[in-house]
Amino acid sequence: MPIYCYRQTEQNGCDLCRHGFELRQKITDVPLQHCPECGVPVNKIITAVHVHTGLTSGGGHTLSEKNISKQGFTQYRKVGPGQYEKTAGKQGPDQFNAKDLKD
Ligand SMILES: [Zn+2]
């Protein structure tokens, strides 16, 4: 499953979107447009697709959940339609529904 990285587009975000946060979504899922914590506009900045090439040893390029939180990142994974729960990191809500975010 691709991991999308989001970051605020303005300079008035909270700790969560200033650092950026990761969201595990399907390609067909609608991109998140607002920070789940403070509601400022966010942009998708990275799409990291985990590819099994057989050429890398142990997938060392992939951030572990421990490293993610150590680097100030927060990671969410999808648990239902529009529903996400936190898997790593200290910032942001433990879970949120993208449909509840303001337009
Ligand atoms: Zn925010």
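The values are calculated or read from the model by the stated rules, or taken from the named source; none is laboratory data. Computed from a prediction, not measured in an experiment: that's the story for all the values here. Cβ placement follows ideal geometry from the backbone for every residue including glycine, while neighbour counts extend to all protein chains displayed. Areas reflect the complete protein model, heavy atoms only, side chains present, ligands, DNA and RNA absent. Shrake-Rupley method; radii C 1.70, N 1.55, O 1.52, S 1.80 Å.
Put simply, of G59, G39, G54 the only residue that is over 13 Å from the mean Cα position of the chain (by Cα) and either at pLDDT 95 or above or under 20 Å from N97 (Cβ atoms) (or both) is G39. Of the residues making up the range 3-30, those that are touching a helix residue (DSSP H, G or I) at 6+ places or on another chain (Cβ under 8 Å) and under 15 Å from R77 (Cα atoms) are Y6, E22, V30.
Would you say L23 is within 12 Å of the ligand (Cβ to nearest atom), touching a residue at least 24 places away in the same chain (Cβ under 8 Å) and open to solvent by less than 70 Å² (accessible area, probe 1.4 Å)? Reasoning before the result, please.
Details: within 12 Å of the ligand (Cβ to nearest atom): no; touching a residue at least 24 places away in the same chain (Cβ under 8 Å): yes; open to solvent by less than 70 Å² (accessible area, probe 1.4 Å): yes.
It is false that L23 is within 12 Å of the ligand (Cβ to nearest atom), touching a residue at least 24 places away in the same chain (Cβ under 8 Å) and open to solvent by less than 70 Å² (accessible area, probe 1.4 Å).
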